[in-house]
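This report concerns only the one structure given below.
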Amino acid sequence: MSDQYIYRSNQYIKILPVWAQELATKYGSKTANLYILHGNIGDFLPHERKEGEFIFTRVQDYISEIIFGNRDIIAYYDFSSGVTFCEPQMEKDYLSGAPQFAPNADVDMSDFVSTVPEKCFPYLEKYFLSQSVKCRKVLIIDYAETIIPIGDLIRLSDTDRYCIVTFNRWARDPKFIRSDISIILLTENLSDISPRITGSPATVKINVPFPDNKIRENFLRSKETEGKLLLDRGLTCEKLAAITSGLNLMNLNRLAHESYEKDEPLTLDFMRLKKKEIIENEARGLLEFMETSYDLSHVSGHDFVKKRFKNAAKVIKKGRPDVLPMGYLIAGPVGTGKSFMVSAFAGEIGIPMVKFRNFRTKWQGETESNLEKVLNILVAMAPVGVMIDEADAFLGDRNQEGDSGTSNRVFAQIASFMGNTEYRGKIIWFLITCRPDLIPIDLKRQGRAEEHLALFYPETKKDREELFKTLVRKLKLDIRNFSITDLFKKFDHEYSGADLEAVLIRAEHLAAIDDRVFIKREDMEEAMSDFMPAAYPYDVELQNLVAVLECTSKEMIPARFQKMPRGRIISEIKELKELLRER
């Protein structure tokens, strides 16, 4: 996060972070009066009063105290508390002045501060307009999604429709700007708000980001200065800040407080565990951390792909993630170990890797809200790898029908985010699929999933033997005194990695029945003789051909496909699709 500076007392002093500077600039321009602050609005926000000296406060207080200096009239509203004020005198002045706007003398005084917008908003409006134009009037509305939610107008409540009309009127009426009246809506997800407000050209939308590494470090140092941060030996505020990307300051404060109360220093392992737990909870179960004890040495074959990933790991470790592709498309038939390859790469590079889980729901607006939440967390976690399995089914396309346009909006949101070059080397995408032909070109083009890699079944007996040895090591099996070469000659199937792993598990099962912890030749032979590869020859061949067509390097293509003309591959794909009755 870059900040704005002023020169004072022979030194540069930070005054406002970028989001607050934007709010202040828009306010100062006198061209808008309706603002939506979204993102990390429930957190502590930092303010550097002078060089090296920070205070941390909630967003409502930040706006009131730091941006507007607690002057003039600053009111708050939420659906639970109703109308409150920044200072007691402000509230006293309002309660004494508002009755003059009542339609009769029998008005209920509680209406002035009611939780019901139809009751309190007319009084606030008239009171604000009655004040001097030299007096700043600010209304900060928390949980804005509760009174202007997304949804079809016909299904919204009378209160929701009233608020939509009221805010649009306030935003468009010049007298509100002339009277220096500002309305600030707070919401975590912009997509939770009615598009009639967010889509209005009169509305200013400002994102409040998660704390970056420097802010987390300064917050931890402030806790350390207070004597309320206990760190394990060798763990510093700088190191702790580096491993807690994705956590906000509220989370850090809670962990530090719990540690202090229990008189137990924070450890590296504890913080990593808590980070995983907190982020998965913050993401509402829509992100899953991929923890692996494997690296690329546990992957058999696929030498070209492994080399590419090892080179990528080198540049990451050298601090040059800016030269990485925005993302990878990993194709290949079922059972070739695509997901395992990506998880092994995660173990190789040492940065967090998460997996997208299903964020779609049947409720209007919730899908977009879920996705916005997840994408904000990814930005906060950077650098991070993101794996999307079965990407052809998961991501959809721009032309889906039947869900009121939700799928189209979601696809556009993901495509736009993936293509943001600001995140190159910070958010690395891995789209995994056995049908890359079904992934829209929007996601496969340069600037998104740029590097197209493919995995295929082992072609030679030597490849299968190497795969067998790797799986034995991966599964930590005890194999006793037999040659797998002879068995592969005897049972000459086209084994995928998944097939061979299934055979090994069966052999281990036979050993367990015989009360042994090691596998003998007889176990393996019985398992291989009984094994029948799944009979999907046309599907597998189609998956092979579309993967070949997708490869961006000839070296990774199996020998039997290398000499096939591209036109013939396309023709065979078309024939297989017709045979399988695909469109």
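Scan segment 337-345 and tell me whether some residue there is at pLDDT below 85, of a type outside the set (Ser, Thr, Tyr) and under 30 Å from Ser553 (Cβ atoms).
Quick first cut of segment 337-345, residues at pLDDT below 85 only: none.
For segment 337-345, residues at pLDDT below 85, of a type outside the set (Ser, Thr, Tyr) and under 30 Å from Ser553 (Cβ atoms): absent.
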**Item:** Every residue from segment 277-299 that is touching a residue at least 12 places away in the same chain (Cβ under 8 Å), open to solvent by less than 50 Å² (accessible area, probe 1.4 Å) and closer than 18 Å to Leu255 by Cα
**Value:** Ile278, Ile279
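Give the residue that is most open to solvent (accessible area, probe 1.4 Å), with candidates limited to residues of segment 546-583 that are over 28 Å from Gly301 (Cα atoms) and within 34 Å of the chain's Cα centre (by Cα).
Arg583
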**Asked** So how many residues does segment 513-543 have that are surrounded by 13 or more Cβ atoms within 10 Å (Cβ to Cβ), part of a helix (DSSP H, G or I) and over 41 Å from the mean Cα position of the chain (by Cα)?
**Response** 8
**Complete:** Looking across segment 211-244 at residues that are assigned to a loop (DSSP other than H, G, I, E, B) and of a type in the set (Lys, Arg), the single one that is least open to solvent (accessible area, probe 1.4 Å) is Lys228
**Request:** Hey, can you tell me all the residues within segment 352-373 that are hydrophobic (A, V, I, L, M, F, W, C) and crowded, with 19+ Cβ neighbours inside 10 Å?
**Result:** Met353, Val354, Phe356, Phe359, Leu371
**Fill in**
Here the qualifying pairs (Cβ atoms under 9 Å; residues six or more apart or on different chains; first in segment 315-336 and under 30 Å from Glu494 (Cα atoms) and among the aromatic types (Phe, Trp, Tyr); second part of a loop (DSSP other than H, G, I, E, B) and at pLDDT 85 or above) come out as Tyr328/Ala449; Tyr328/Glu450
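Has segment 298-310 got at least one residue that is among the hydrophobic types (A, V, I, L, M, F, W, C) and in contact with a Phe, Trp or Tyr (Cβ under 6 Å, 6 or more places away or on another chain)?
So far as segment 298-310 goes, yes, one or more of its residues are among the hydrophobic types (A, V, I, L, M, F, W, C) and in contact with a Phe, Trp or Tyr (Cβ under 6 Å, 6 or more places away or on another chain).
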**Message:** Name the residue that is farthest from the chain's Cα centre (by Cα), counting only residues in segment 42-59 that are outside any strand (DSSP E or B) and surrounded by fewer than 20 Cβ atoms within 10 Å (Cβ to Cβ).
**Reply:** Glu51
**Item:** Pair list, Cβ under 7 Å, 6 or more apart: segment 250-276 residue without any contact (Cβ under 8 Å) to a residue 24 or more places away in the chain, other residue aliphatic (A, V, I, L, M) and open to solvent by less than 90 Å² (accessible area, probe 1.4 Å)
**Value:** Leu255/Leu266; Lys274/Leu255
**Item:** Conditions (1) modelled with pLDDT of 85 or more; (2) in a loop (DSSP other than H, G, I, E, B); number of the one not met by Ala547
**Value:** (2)
**Request:** Please indicate, with yes or no, whether at least one residue in segment 488-507 is outside any helix (DSSP H, G or I), farther than 30 Å from Leu329 by Cα and either free of Cβ contacts under 8 Å to residues at least 40 places away in the same chain or out of contact with any Leu (no Cβ under 8 Å at 6 or more places or on another chain) (or both).
**Result:** yes
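If I filter segment 40-52 down to residues being in contact with a Ser or Thr (Cβ under 9 Å, 6 or more places away or on another chain) and of a type outside the set (A, V, I, L, M), which single residue comes out as nearest to Leu371 (Cα to Cα)? It would help to see each step written out before you state the result.
Just the residues of segment 40-52 that are in contact with a Ser or Thr (Cβ under 9 Å, 6 or more places away or on another chain), to begin with: 41, 44-47, 50.
Remaining after also requiring of a type outside the set (A, V, I, L, M): 44, 46-47, 50.
Values: Phe44: 23, Pro46: 27, His47: 30, Lys50: 38 Å.
For segment 40-52, the residue satisfying everything is Phe44.
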**Asked** Just wondering, is there one or more residues in segment 153-171 that are closer than 24 Å to Gln60 by Cα, open to solvent by 30 Å² or more (accessible area, probe 1.4 Å) and of a type in the set (Gly, Ala, Ser)?
**Response** no
**Request:** Can you tell me which residue within segment 460-479, out of those that are at pLDDT 85 or above and not in a helix (DSSP H, G or I), is nearest to Ser339 (Cα to Cα)?
**Result:** Lys476
**Asked** When both residues are 6+ apart or on different chains and their Cβ atoms are under 7 Å apart, which pairs have a first residue that lies in segment 121-135 and is at pLDDT below 95, and a second that is open to solvent by 40 Å² or more (accessible area, probe 1.4 Å) and not in a helix (DSSP H, G or I)?
**Response** Cys135/Asp72
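Which of the residues spanning segment 265-276 are assigned to a helix (DSSP H, G or I) and surrounded by fewer than 18 Cβ atoms within 10 Å (Cβ to Cβ)?
Matches in segment 265-276: Leu268, Asp269, Phe270, Arg272, Leu273, Lys276.
Go through segment 99-114 and report how many residues are assigned to a helix (DSSP H, G or I) and of a type in the set (Asp, Glu).
Residues of segment 99-114 that are assigned to a helix (DSSP H, G or I), as a first pass: 99-101, 109-113.
Retained after the next criterion (residues that are of a type in the set (Asp, Glu)): 111.
Of the residues in that region, 1 qualify.
Of all residues in segment 245-264 being open to solvent by 70 Å² or more (accessible area, probe 1.4 Å) and part of a loop (DSSP other than H, G, I, E, B), which is farthest from Ile351 (Cα to Cα)? Walk me through how you get there before you give the answer.
So in segment 245-264, the residues open to solvent by 70 Å² or more (accessible area, probe 1.4 Å) come out as 254, 257, 260-264.
Checking the rest, the ones that are also part of a loop (DSSP other than H, G, I, E, B) come to 263-264.
Numbers: Asp263: 30, Glu264: 27 Å.
Among those that are open to solvent by 70 Å² or more (accessible area, probe 1.4 Å) and part of a loop (DSSP other than H, G, I, E, B), it is Asp263.
The values are calculated or read from the model by the stated rules, or taken from the named source; none is laboratory data. Keep in mind that what you see is a predicted model, and the values were worked out from it rather than measured. No Cβ is skipped: glycine too gets one built from the backbone with ideal geometry, and neighbour counts run over all protein chains shown. Heads up: the accessible areas ignore ligands, DNA and RNA and are worked out on the full protein's heavy atoms, side chains in. Shrake-Rupley method; radii C 1.70, N 1.55, O 1.52, S 1.80 Å.
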